[in-house]
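> Sharing a structure with you now.
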Amino acid sequence: MKRVVVNILRIIVSLTFIFSGFVKAVDPLGTQYKLQDYAEALALQEMIPDWATLVASVSLAAVEFVLGILLLFAINRRLVTKLILVFMTAMTFVTLWIYIANPVSDCGCFGDAVVLTNGQTLLKNVLLLAAAALLALRPMVMPRFVSLSNQWIVRQYTILFIVGVSLYSLYYLPLFDFRPYHIGADIRKGMEIPEGAEMPQFETTFIMEKDGVRKEFSLEDYPDSTWTFIDSKTVTIKEGYVPPIHDFSIQRVEDGEDITDEVLDNDGYTFLLISPHLETADDSRFGNIEQLYEDAKDNGYAFYCLTASNEEGMQQWSEKTGAEYPFCNTDEITLKTIIRSNPGLVLLKKGVVIGKWSHNEEFPVLQKGKAPQMTEATSNVSYLKKLGGVFIYYILPLLLLVLADRLWAWSRWVKKEETRQSNKLFKLLKIKKTMRKKIVAGNWKMNKNLQEGVALAKELTEVVKNPNCDVIIGTPFIHLASVAEVIKGSCIQLSAENCADKASGAYTGEVSAEMVKSTGAEYVILGHSERREYYNETPEILKEKVELALANGLKVIFCIGESLEQREANKQNEVVKAELAGSVFHLSAEQWKNIVIAYEPIWAIGTGKTATADQAEEIHAYIRSCVAEVYGAQVADDTTILYGGSCKASNAPELFAKADIDGGLIGGASLKAADFKGIIDAWN
Ligand code: 13P
């Protein structure tokens, strides 16, 4: 829901910004005039040069348009929403001031395209501010239309486009003309007040005096003649309908005559050279103007120069350009509204504007007996056609970019998904292939008396339920039978820590594999480094033990591992391979099924120093490859290889996560039920 609301607001705010920026950009001079109005209201007009208001106008349009597009495309979401919030906060304060102080009647937010009252503008901005605040709070829920790597194209192209539109509109004329003097407009119609339109209402107050006392009266209570009239004030109490064109009049300078009707009623062509200020007008095409004036005269077309300049200005212009055409006076704001060019040329026919030229373009060349030639830019090109241009040059390229980008993103997604699926399948197959046993085995070594051992075994049966691996406890011989009883029916299996290298006979103190088996144990740990080192168990002895164990139906957990010296000499691979070769590699594949390998680096046993998961994985993989060399890949893949050496609940998950580590042979941490269970749980 939040996501939907934010995205709806995103569209509303972005489209408002885009529209607002665009209509300003198509008429930079209009926005400049508005900014100058603000400066005047603040009595700053003297301090701010024209170029500064023009730069501000172009920048304002660009900032609004670019922010709108970036928001729409969700580009730089965090920054853009914050900037929009800052922008809206500032604008809301400005419009609050306009609403209270009323320095201008229309804020100019949407240029001349949409004219709002100051109250409407304030309301609009308050709503937009609230929306902007929400967007700034949740910018990341707006999905992108273009991937990160292609966003620069939208950014740069948009800046280029909007600044281009502003410069084009400045150099020529506004790309879209929303004023009442646009090409195609009938000036007379613009001046009409429709029937029944609301008329303005005024109230007049009279100040009268009698016997030295002054008092105010209205028309209704106007006093008798004993009062003397002093002054009167008239205020508008209600604005009436104001037609779009309400201050268009032309007064010929030569004779002071109002020729507005004459100009508007003229059936033929009338050229109006418009210059609000002749003093600042561009005179680079004065030759063209003169030529046009001469040709117009020859063709019987009217030609006037409309200006708000005084006589001095007109004289200067005439001297500079040799102008011979008649000058007329028209209101400055009206002239600035008619055409955004100083000077600009307007062609009228029966009061309808049929052509407009900026001083930066070629004025029409008149041919005798032929109607004035119109170019695309100066004739009545429909808004639709112009919008078509905007679509082709700006929107279409962006749409194509979005389409290409989405296709690209989609193909990347498909590729990723394919890999993911195949990985999943591969994993599934691998799991199937590697259905080898996962084991956590304890090696109590020479710890715990019988009672303690039995108690520990009992506790383990209580805490270890439904493990995700096989659980084995390796106990001293003396415990085996009792522990076997305790764990009966549980998930825990039993292992001896050793067995004799002889089947039976006069070997005082020894325990045979057969005896081990008879206690109920299923496993025997053989080849532990402690037995190799302290009891001089050679590979040959171990070979005997392994064979006897297997022959008696025991499975063997066969330990291998290098010493610190050997590791430092980088001989670990050699060592483990030799240990395997010396005691177990002679077994048949069938016998091998009952072998579990335990890699236990001697330097990690009981030292607290664990081999890192990567170190362990590397050598486990090597051991598996050695098995594969002898028994083939499938057998190797089915062989369980345990890690032993300071394995604890804290490091077991990382170790067991490795592809070739299938569990652990645990010493110290197998002596407490909770510690041992923690390691078993690593398989969860
Ligand atoms: P620790 O877990 O105490 O290091 O002993 C490992 C071991 O030797 C298991 O057989």
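The values are calculated or read from the model by the stated rules, or taken from the named source; none is laboratory data. Owing to the predicted nature of the structure, the values given are computational and were not obtained by experimental measurement. No Cβ is skipped: glycine too gets one built from the backbone with ideal geometry, and neighbour counts run over all protein chains shown. Please note that ligands, DNA and RNA were not included when accessible areas were found on the heavy atoms of the full protein model with its side chains. Shrake-Rupley method; radii C 1.70, N 1.55, O 1.52, S 1.80 Å.
> Of the residues that make up region 344-361, is at least one free of Cβ contacts under 8 Å to residues at least 40 places away in the same chain and aliphatic (A, V, I, L, M)?
Scanning region 344-361 turns up no residue that is free of Cβ contacts under 8 Å to residues at least 40 places away in the same chain and aliphatic (A, V, I, L, M).
> Applying the selection to region 646-655, what residues are open to solvent by 10 Å² or more (accessible area, probe 1.4 Å), more than 11 Å from the ligand (Cβ to nearest atom) and either in contact with a Gly (Cβ under 7 Å, 6 or more places away or on another chain) or hydrophobic (A, V, I, L, M, F, W, C) (or both)?
Within region 646-655, just Ala649 meets the criteria.
> Do you know which of the residues in region 530-542 that are exposed (fewer than 15 other Cβ atoms within 10 Å of the Cβ) and more than 16 Å from the ligand (Cβ to nearest atom) is farthest from Gly474 (Cα to Cα)? Don't jump to the end; show me each part of the working.
Residues of region 530-542 exposed (fewer than 15 other Cβ atoms within 10 Å of the Cβ): 533-536, 538, 540.
Right, trim to more than 16 Å from the ligand (Cβ to nearest atom) and you get 536, 538, 540.
Values: Asn536: 21, Thr538: 21, Glu540: 23 Å.
Once the filter is applied, the top-ranked residue is Glu540.
> Hey, could you check region 615-625 for residues that are without any contact (Cβ under 8 Å) to a residue 24 or more places away in the chain and farther than 17 Å from Val584 by Cβ and say which is nearest to the ligand (Cβ to nearest atom)? Even if it seems obvious, please write down each step before you answer.
Let us first name the residues in region 615-625 that are without any contact (Cβ under 8 Å) to a residue 24 or more places away in the chain, namely 615, 618, 625.
From the residues that got through so far, the ones that are farther than 17 Å from Val584 by Cβ too are 615, 618.
Details: Gln615: 15, Glu618: 19 Å.
Among those that are without any contact (Cβ under 8 Å) to a residue 24 or more places away in the chain and farther than 17 Å from Val584 by Cβ, it is Gln615.
> Residues of region 623-637 being more than 49 Å from the chain's Cα centre (by Cα) and of a type outside the set (Ser, Thr, Tyr), which ones?
First pass over region 623-637, keeping only residues more than 49 Å from the chain's Cα centre (by Cα): 623, 626-636.
Residues satisfying the conditions are Ile623, Cys626, Val627, Ala628, Glu629, Val630, Gly632, Ala633, Gln634, Val635, Ala636.
> Now, a different point. If a residue counts only when it is closer than 19 Å to Glu574 by Cβ, which helices (runs of 4 or more DSSP H) contained entirely in region 596-684 have at least 3 such residues?
Numbers: elements: 613-631, 633-638, 652-656, 673-680.
Correct list: 613-631.
> How about region 543-565: which of its residues are assigned to a helix (DSSP H, G or I) and within 15 Å of the ligand (Cβ to nearest atom)? So that I can check it myself, show each step before the final result.
Let us first name the residues in region 543-565 that are assigned to a helix (DSSP H, G or I), namely 543-551, 564-565.
The one that is assigned to a helix (DSSP H, G or I) and within 15 Å of the ligand (Cβ to nearest atom): Leu564.
> Show the residue pairs that are 6+ apart or on different chains and have beta-carbon atoms under 7 Å apart, the first residue being within region 190-204 and in a loop (DSSP other than H, G, I, E, B), the second being open to solvent by 60 Å² or more (accessible area, probe 1.4 Å).
Ile193/Tyr241; Ala197/Tyr241; Glu198/Tyr241; Pro200/Thr236; Pro200/Lys238; Pro200/Glu239
> Kindly indicate whether Thr158 is hydroxyl-bearing (Ser, Thr, Tyr) and in contact with a strand residue (DSSP E or B) (Cβ under 7 Å, 6 or more places away or on another chain). Quick ask: steps written out before the conclusion?
Details: hydroxyl-bearing (Ser, Thr, Tyr): yes; in contact with a strand residue (DSSP E or B) (Cβ under 7 Å, 6 or more places away or on another chain): no.
Considered against the rule, which asks whether it is hydroxyl-bearing (Ser, Thr, Tyr) and in contact with a strand residue (DSSP E or B) (Cβ under 7 Å, 6 or more places away or on another chain), Thr158 comes out as no.
> So, of the residues in region 1-24 that are polar (S, T, N, Q) and surrounded by fewer than 22 Cβ atoms within 10 Å (Cβ to Cβ), which turns out to be nearest to Thr95 (Cα to Cα)? Steps first, please.
If we filter region 1-24 for residues that are polar (S, T, N, Q), which is where we start, we get 7, 14, 16, 20.
From what's left, surrounded by fewer than 22 Cβ atoms within 10 Å (Cβ to Cβ): 7, 16.
Values: Asn7: 26, Thr16: 16 Å.
Once the filter is applied, the top-ranked residue is Thr16.
> I need every pair where a residue in region 1-17 that is closer than 16 Å to Met140 by Cβ has its Cβ under 6 Å from the Cβ of a residue that is open to solvent by 30 Å² or more (accessible area, probe 1.4 Å) and part of a loop (DSSP other than H, G, I, E, B), sequence separation at least 6 or different chains.
Val6/Arg138
> So which residues in region 584-600 are over 23 Å from Cys469 (Cα atoms) and surrounded by 22 or more Cβ atoms within 10 Å (Cβ to Cβ)?
Within region 584-600, Val584 is the sole residue that qualifies.
> Can I ask one more? Between Thr234, Thr260, which is over 30 Å from Met314 (Cβ atoms) and open to solvent by less than 90 Å² (accessible area, probe 1.4 Å)? Give the steps one after another, and end with the answer.
Details: Thr260 fails: over 30 Å from Met314 (Cβ atoms).
Residue meeting the stated conditions: Thr234.
> Can you spot a residue in region 25-33 that is open to solvent by less than 50 Å² (accessible area, probe 1.4 Å), part of a helix (DSSP H, G or I), at pLDDT 95 or above and within 30 Å of Leu401 (Cα to Cα)?
Looking through region 25-33, at least one residue is open to solvent by less than 50 Å² (accessible area, probe 1.4 Å), part of a helix (DSSP H, G or I), at pLDDT 95 or above and within 30 Å of Leu401 (Cα to Cα).
> Return yes or no: is Tyr99 in contact (Cβ under 8 Å) with a residue 40 or more places away in the chain, part of a helix (DSSP H, G or I) and surrounded by fewer than 20 Cβ atoms within 10 Å (Cβ to Cβ)?
Values: in contact (Cβ under 8 Å) with a residue 40 or more places away in the chain: no; part of a helix (DSSP H, G or I): yes; surrounded by fewer than 20 Cβ atoms within 10 Å (Cβ to Cβ): yes.
No, not satisfied.
> Could you give me the residue pairs with C-beta distances under 9 Å whose first residue belongs to region 140-166 and is within 27 Å of Val55 (Cα to Cα), whose second residue is open to solvent by less than 70 Å² (accessible area, probe 1.4 Å) and basic (Lys, Arg) wherever it lies, and which are 6+ apart or on separate chains?
Ser166/Lys24
> Right, another one. Looking at (1) within 11 Å of the ligand (Cβ to nearest atom); (2) surrounded by 15 or more Cβ atoms within 10 Å (Cβ to Cβ), which is the only condition Lys609 fails?
(2)
> With the checklist (1) over 17 Å from Thr607 (Cα atoms); (2) within 16 Å of the ligand (Cβ to nearest atom) in hand, flag the one item Ile666 doesn't pass.
That leaves (1) as the condition not met.
> Since Glu568 meets every condition but one in (1) within 16 Å of the ligand (Cβ to nearest atom); (2) at pLDDT below 95; (3) not small (Gly, Ala, Ser), which condition does it not meet?
Failing condition for Glu568: (1).
> Within region 139-176, which residues are within 17 Å of Gly344 (Cβ to Cβ) and open to solvent by less than 20 Å² (accessible area, probe 1.4 Å)?
Ser169, Pro174, Phe176
> Name the pairs whose Cβ atoms lie under 7 Å apart, with the first residue in region 647-669 and on the phi > 0 side of the Ramachandran plot, the second more than 13 Å from the ligand (Cβ to nearest atom) and assigned to a loop (DSSP other than H, G, I, E, B), and 6 or more positions between them or separate chains?
Gly663/Lys438; Gly663/Cys469; Gly663/Thr640
> Still on this structure: Looking at this structure, is Tyr383 farther than 24 Å from Val263 by Cα, open to solvent by less than 30 Å² (accessible area, probe 1.4 Å) and under 47 Å from the mean Cα position of the chain (by Cα)? If you could, list the steps in order and put the result at the bottom.
Values: farther than 24 Å from Val263 by Cα: yes; open to solvent by less than 30 Å² (accessible area, probe 1.4 Å): no; under 47 Å from the mean Cα position of the chain (by Cα): yes.
In short, no.
> A follow-up question, please. May I ask you to say which residue of Leu123, Leu135 is surrounded by fewer than 18 Cβ atoms within 10 Å (Cβ to Cβ) and under 30 Å from Asn7 (Cβ atoms)?
On the way: Leu135 fails: surrounded by fewer than 18 Cβ atoms within 10 Å (Cβ to Cβ).
Criteria check complete, one pass: Leu123.
> With under 20 Å from Ile333 (Cα atoms) and not in a helix (DSSP H, G or I) as the only criterion, which of Ala39, Ala43 stands out? So that I can check it myself, show each step before the final result.
Values: Ala39 fails: not in a helix (DSSP H, G or I).
So the residue among Ala39, Ala43 that is under 20 Å from Ile333 (Cα atoms) and not in a helix (DSSP H, G or I) is Ala43.
> Among the residues of region 342-355, write down those that are open to solvent by less than 10 Å² (accessible area, probe 1.4 Å) and more than 19 Å from Asp258 (Cβ to Cβ). So that I can check it myself, show each step before the final result.
Of all residues in region 342-355, those open to solvent by less than 10 Å² (accessible area, probe 1.4 Å) come to 343-348, 351, 353, 355.
Result: Pro343, Gly344, Leu345, Leu347, Val353, Gly355.
> OK, next. Listed residues Glu279, Glu254; which is loosely packed, with under 11 Cβ neighbours inside 10 Å and either within 25 Å of Phe327 (Cα to Cα) or under 60 Å from the mean Cα position of the chain (by Cα) (or both)?
Glu254
> Taking the criterion of being open to solvent by 20 Å² or more (accessible area, probe 1.4 Å) and of a type in the set (S, T, N, Q), would at least one residue in region 53-62 satisfy it?
So far as region 53-62 goes, yes, one or more of its residues are open to solvent by 20 Å² or more (accessible area, probe 1.4 Å) and of a type in the set (S, T, N, Q).
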